[in-house]
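Take a look at the structure set out below.
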Amino acid sequence: MDKTKICITTLEYPPDVGGVGESVHRIAKMLIDSGYEVHVAVFRSKQRLVTDGSRRRASCSTTLQDGVFVHRIKSAVRDNLTEIQDFFSDVYFQLKCLHQKYKYDLFHAFFMNETGYVTTLLAKENDVPVINSVRGSDLHKHIFNPKNHAQIAWILENSAWVTFVSRDLQKRASVIAPSVKLKSSAFWNSIAPINFEQLPTPSLVSELPGIIIGSSGRFRDKKGIEFLLDACAELSNELDLTLLLVGDFIEREKAYWQQQIQQSGIGDRLRITGITSRQEALAYLPHLDIFVIPSLHDGCPNTLLEAMLASRAIIGTRVDAIGEILEDGVDGLLINPGSTEELITSLRHLATKPDLRQKLGAAAKTKALQQLAPSVEHQNWIDVYQRTLTTSASVLFEKLSLV
């Protein structure tokens with residue numbers, strides 16, 4: 001018997017760096033373990049920009065990575081500027097060719113703004129069910145571009161099922177497209193256990209005096225780092241502390257962040273590692289006294305789950321999955337986003353109470369191992385796939401019965 005064939009479309013996939021790519025890779029492996037044949041089509045509009053003056057025809061290169069068929073699609077470059085509609089037209093054609101060759105039973109798009117529309121259009125034209133997965137910025141940021149609103153609403157309305165990584169995102173989608181209430185589910189990302197003792201000690205650790213307050217990731221507008229800079233700068237007048245940012249600011253915002261750092265007055269209390277490998281970033285976590293994730297909005301960030309596994313005392317904001325996963329005073333402290341005052345109070349509280357830090361960290365690790373285990377996410381995804389495929393088969397049978 002032939003395996004059910006799934007085609008996942010995504011903006012990134014390993015070795016690409018990014019949380020969406022990690023999630024797709026994790027889910028693809030889960031599906032393979034459950035007996036599905038999995039294909040991943042990777043494309044991103046940034047790939048249409050070529051700065052060296054070269055030209056190319058549209059292409060799709062296929063490799064087999066750990067049992068997953070990975071199709072990397074590139075649009076043609078015919079002149080100095082490839083229009084966005086030309087990019088999507090090329091991508092659509094390449095996806096259509098893949099479907100003609102493999103005859104997929106289900107499409108699944110991660111992130112609505114780029115992958116969702118072209119995937120849903122192809123799926124609907126071929127009477128194939130499509131799942132769309134909302135990750136965060138697609139509904140928290142891109143929805144505010146008037147050009148995107150109608151497209152996003154259409155995607156939500158025409159999805160067979162929609163998944164969300166937080167109930168906040170699910171609620172917003174239901175406002176935009178009320179039918180989502182009847183065909184959606186919200187569940188968190190998962191994380192596999194990590195043996196931090198096997199990771200080497202990063203060299204920078206020896207240069208971090210006092211209470212070490214840290215955050216990690218690719219820092220950009222939504223991360224709320226301004227408030228962390230201000231809070232640590234003020235507290236440095238009364239506490240011996242170091243603020244360690246594991247990662248770096250995204251390139252297009254660097255001038256803004258340099259200004260924010262200077263205006264905060266934090267001075268030499270700040271250390272920034274720059275871009276690191278995931279292994280090196282993880283290796284810093286056990287050396288932090290307090291982990292802060294001050295996001296303004298953030299889906300379900302992997303960095304939160306990693307800090308929980310590392311038994312860190314965490315301060316997070318009441319947004320998206322951060323505010324859903326952490327229970328204030330039990331396995332972390334929660335504050336309102338954008339509040340420097342609340343952040344200062346929480347940091348001061350934890351900095352002076354090592355026993356509380358240990359208690360919160362231990363509880364966070366227990367929750368990560370129990371409620372954020374891969375087996376939990378695996379079952380959630382299998383339920384979604386089985387429900388979508390079963391419902392689609394029933395609808396198709398009804399259509400055939402009416403002919």
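Filter LYS29/LYS141; LYS3/LYS223; LYS147/LYS367; LYS96/LYS254; LYS46/LYS365; LYS96/LYS171 down to the pairs with a C-alpha to C-alpha distance above 31 Å, please.
On the way: LYS29/LYS141 29 Å; LYS3/LYS223 41 Å; LYS147/LYS367 41 Å; LYS96/LYS254 39 Å; LYS46/LYS365 38 Å; LYS96/LYS171 33 Å.
From the list (LYS29/LYS141; LYS3/LYS223; LYS147/LYS367; LYS96/LYS254; LYS46/LYS365; LYS96/LYS171), the Cα-Cα distance tops 31 Å for LYS3/LYS223; LYS147/LYS367; LYS96/LYS254; LYS46/LYS365; LYS96/LYS171.
Given the DSSP H assignment, sum -39500 (n - 2.57) over each helix run of at least 4 residues in the chain and divide by its residue total; what's the result at 222 nm in deg cm²/dmol, nearest 500?
-13500 deg cm²/dmol
For the range 96-143, which trypsin sites (Lys or Arg not before Pro) are in a loop by DSSP, counting at most 12 other Cβ atoms within 10 Å?
Listed in order of number, the matching sites are LYS103.
In whole Å, what is the distance between the alpha-carbon centres of the range 220-279 and the range 24-83?
34 Å
Which whole-number percent is the relative contact order of the range 89-204 (Cα, under 8 Å, 6+ apart)?
Relative contact order comes out at 20 percent.
Please arrange TYR92, TYR117, TYR13 by how many other C-beta atoms lie within 10 Å of their C-beta, fewest to most.
The most exposed by this proxy come first: TYR92, TYR117, TYR13.
What's the angle, to the nearest 10 degrees (0 to 90), between helix 254-264's Cα axis and the longest principal axis of the chain?
Relative to the chain, helix 254-264 is tipped by roughly 30 degrees.
Identify, among SER339, TYR284, THR391, the residue whose Cα sits farthest towards the positive end of the charge dipole of the range 265-403, taking +1 on the Cβ of Lys and Arg and -1 on the Cβ of Asp and Glu, with the dipole about the Cα centre.
TYR284
Using the Karplus equation 6.51 cos²θ - 1.76 cosθ + 1.60 (θ = phi - 60°), what ³J(HN,Hα) coupling, rounded to whole Hz, does each residue of the range 38-49 give in order, writing x for Gly and Pro?
Working through the residues one at a time gives 10, 10, 10, 9, 10, 7, 8, 5, 4, 5, 7, 8 Hz.
Tell me, THR4, THR303 in order of fewest to most beta-carbon neighbours within 10 Å?
Ranking THR4, THR303 by Cβ neighbours within 10 Å, fewest first, gives THR4, THR303.
Could you list HIS71, HIS378, HIS108 in order of exposure, starting from the residue whose Cβ has the fewest other Cβ atoms within 10 Å?
Ranking HIS71, HIS378, HIS108 by Cβ neighbours within 10 Å, fewest first, gives HIS378, HIS71, HIS108.
Dipole of the chain, Cα-centred, from +1 at each Lys and Arg C-beta and -1 at each Asp and Glu C-beta, to the nearest 20 debye?
The dipole magnitude comes to about 1160 debye.
Could you list the GluC sites (Glu not before Pro) in the range 1-93 that lie in coil according to DSSP, counting only those with at most 16 other Cβ atoms within 10 Å of their Cβ?
Here the GluC sites (Glu not before Pro) that fit, given the DSSP loop and packing criteria, are GLU83.
Go through THR120, ILE212, ALA109 and say which Cα lies farthest out towards the positive end of the charge dipole of the range 93-250; charges sit on Cβ, +1 for Lys and Arg, -1 for Asp and Glu.
Positive-most Cα among the choices belongs to THR120.
Net charge near PRO178: determine it from the other residues with C-beta under 14 Å of the C-beta of PRO178, scoring Lys and Arg +1 and Asp and Glu -1.
With Lys, Arg at +1 and Asp, Glu at -1, the neighbours total +3.
Angle check, please: helix 374-402 long axis (alpha carbons) against the longest principal axis of the chain (alpha carbons), in degrees 0 to 90, nearest 10.
Compared with the principal axis, the helix lies near 20 degrees.
No lab work stands behind these numbers, since they all come straight from the coordinates. Keep in mind that what you see is a predicted model, and the values were worked out from it rather than measured. Counting neighbours? That spans all protein chains shown, and the Cβs are built from the backbone with ideal geometry, glycine included.
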